[in-house]
1. Looking only at region B:12-254, where both bridge partners belong to it, what percent of the DSSP beta bridges are antiparallel (to the nearest 5)?
2. What shape does region B:12-254 take by its C-alpha gyration tensor, where a ≥ b ≥ c are the square roots of the eigenvalues and a/c under 1.5 counts as rounded, a/b above b/c as prolate, and the rest as oblate?
3. Past 31 Å, Cα to Cα: identify those pairs from B:K7/B:K37; A:K198/B:K252; A:K255/B:K37; A:K223/B:K62; A:K44/B:K252, in the order given.
4. Using DSSP to define loop residues, name the trypsin sites (Lys or Arg not before Pro) in region A:42-105 whose beta-carbon has at most 14 other beta-carbon atoms within 10 Å.
5. Per-residue ellipticity at 222 nm for chain A, helices alone: DSSP H runs ≥ 4 residues times -39500 (n - 2.57), over residue total, nearest 500 deg cm²/dmol?
6. For the pairing of chain B with chain A, what total accessible surface becomes buried, with a 1.4 angstrom probe, in square angstrom to the nearest 100?
7. How much of the DSSP beta bridge set in the protein assembly as shown is antiparallel, as a percent to the nearest 5?
8. If you put a point 7 Å past Cα along the Cβ direction, how far is that point for A:E29 from the same point in each other copy, in nm, smallest first?
2 protein chains.
Amino acid sequence: MPAISLKNHPFRIQPGGKVDITAIPTTDESLFPMEKKEGEELMKSFAKEIDELQTRLYAEGKQRLLVIFQAMDTGGKDGVIRNVFDKMDPQGIRVASFKRPSPLELAHDYLWRIHQEVPQNGEVVIFNRSHYEDILAVRVREIFPKSRWEKRYDHIVNFEQMLADEGTTILKIFLNISPDEQKQRLQARLDDSEKLWKFNPGDLDDRALWPKFMEAYSDVLEKTSTEAAPWYAVPADRKWYRDLVVADILIKTLKGLDMKYPSVDFDPKTITID
Amino acid sequence: MPAISLKNHPFRIQPGGKVDITAIPTTDESLFPMEKKEGEELMKSFAKEIDELQTRLYAEGKQRLLVIFQAMDTGGKDGVIRNVFDKMDPQGIRVASFKRPSPLELAHDYLWRIHQEVPQNGEVVIFNRSHYEDILAVRVREIFPKSRWEKRYDHIVNFEQMLADEGTTILKIFLNISPDEQKQRLQARLDDSEKLWKFNPGDLDDRALWPKFMEAYSDVLEKTSTEAAPWYAVPADRKWYRDLVVADILIKTLKGLDMKYPSVDFDPKTITID
């Protein structure tokens with residue numbers, strides 16, 4: 001398998017390019033041409049690497065990593081967070097889930113609640129949904145007029161640029177599933193009594209708006225994939241494959257940070273413990 | 001191995017009893033009489049249980065779990081958090097570490113920053129150090145006079161009672177190590193270049209105060225172990241054994257919550273996905 005750098009990653013949305021998300025495949029074999037069983041073995045070695053890299057990030061305590069996940073319902077945000085990030089020490093990571101905003105949150109600009117959750121030094125923060133919903137959902141459900149949400153592309157690009165300039169590494173991942181795959185996953189929730197609670201009849205309303213969401217996602221990916229905060233549209237119809245792609249992007253990003261254990265200002269040889 | 005309930009757990013600090021922490025063993029074999037290798041196998045099955053129970057807590061979304069860890073330096077707080085809690089979905093847990101308070105925090109009462117970090121519905125929150133430092137460290141280092149810190153036993157008992165009354169389950173764990181074990185662990189940090197950054201020469205000052213800390217811990221455990229928020233003094237000289245004891249207490253606590261997947265207000269059979 002050839003080494004893929006992040007810059008030429010086939011599923012990176014190249015800044016400045018045109019995007020039609022419906023033309024980007026939701027299944028793929030090119031990056032990890034193997035069977036599921038082999039993929040699960042590979043994941044174990046990825047898990048070890050992730051664990052070591054995050055330990056170093058935490059120890060160094062100087063850099064911050066923000067990983068943003070967006071997807072349609074059942075796209076796999078919860079699954080990928082569990083499968084890829086539970087390799088990390090709970091002490092160094094945090095998940096922020098952005099649901100329907102509270103009255104207090106709505107009484108502020110839409111980036112107010114987001115800003116409070118960005119990572120601190122040494123920390124990995126995962127956003128399960130994000131400020132991108134303030135364009136996507138708002139646009140598709142026609143909550144605000146275009147004149148209001150179209151300004152948000154610039155707001156967000158500028159906000160993320162500021163975070164990056166101040167020391168936060170940002171990774172944005174769209175979990176790209178097909179409408180057929182969503183149908184199967186919704187049905188699986190209906191059929192399994194332990195998963196039924198995850199089924200929200202309102203999800204069917206969003207499903208009916210699939211083409212509008214794809215249009216909105218295409219614009220978001222096109223207008224907000226930057227060198228400072230690139231998007232990846234990860235093929236997500238096959239769960240184990242999706243996990244590998246995300247883990248691989250994560251590992252390469254962490255390796256690029258060139259983290260070092262902190263130096264100390266004493267000579268350990270001179271210290272005696274009584 | 002006999003089933004140990006939490007109420008009669010040998011390392012539970014029984015509310016109302018006298019406590020001399022130096023008389024409580026820091027090593028033990030009674031709960032898991034086995035070798036390390038066997039213990040690690042058992043931990044794998046515990047891990048699976050923890051994972052399932054936490055998934056259910058999160059799904060149910062009605063109850064909250066707060067796990068407080070206190071220990072002397074090198075006592076194993078970081079290790080036990082990593083080894084026991086990384087079995088949980090990162091989405092449902094959060095670690096709050098309380099370090100030296102910031103000027104903003106010091107400009108409030110000592111429970112202000114604590115209260116902000118308590119768990120919400122469905123969440124597990126782990127405190128790495130806690131409001132107990134506002135008695136322990138403050139007393140031993142003589143930061144405030146006794147007249148000030150001795151009121152805090154009541155404050156804390158009342159605060160935790162309120163949390164419990166409002167739906168939070170509280171578990172408090174003192175990782176009990178011997179001074180000899182601490183000496184070995186500090187030396188191991190000095191001897192390992194990848195661990196050296198964890199060594200803080202100031203830890204030796206606290207080590208010199210060991211007897212005073214044990215006196216302070218004895219009083220804290222005696223005065224603040226309640227039915228609503230019991231303390232466990234876990235023998236922690238052997239790391240794998242300590243992890244098993246903590247995992248077992250955690251599992252029994254979660255099982256006691258009798259969690260249920262949420263019911264839905266629709267009949268799944270009537271729903272068709274287009």
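The values are calculated or read from the model by the stated rules, or taken from the named source; none is laboratory data. Just so it is clear, the structure is predicted and the values come from calculations on it, not from any experiment. No Cβ is skipped: glycine too gets one built from the backbone with ideal geometry, and neighbour counts run over all protein chains shown. These area figures cover heavy atoms from the full protein model, side chains too; ligands, DNA and RNA do not enter into them. Shrake-Rupley method; radii C 1.70, N 1.55, O 1.52, S 1.80 Å.
1. Here the antiparallel bridges make up roughly 5 percent for region B:12-254.
2. Here region B:12-254 falls in the rounded category.
3. Long pairs (Cα-Cα over 31 Å): A:K255/B:K37; A:K223/B:K62.
4. Values: sites: A:K44, A:K48, A:R56, A:K62, A:R64, A:K77, A:R82, A:K87, A:R94, A:K99; in loops: A:K62, A:K87, A:K99.
Counting only loop positions with at most 14 other Cβ atoms within 10 Å, the trypsin sites (Lys or Arg not before Pro) in region A:42-105 are A:K62, A:K99.
5. Working: 11 runs with 119 residues, N = 274.
Helix-only estimate at 222 nm: -13000 deg cm²/dmol.
6. 3500 Å²
7. Expressed as a percentage, antiparallel bridges in the protein assembly as shown total about 5.
8. From this label point to the equivalent ones elsewhere in the assembly: 5.6 nm.
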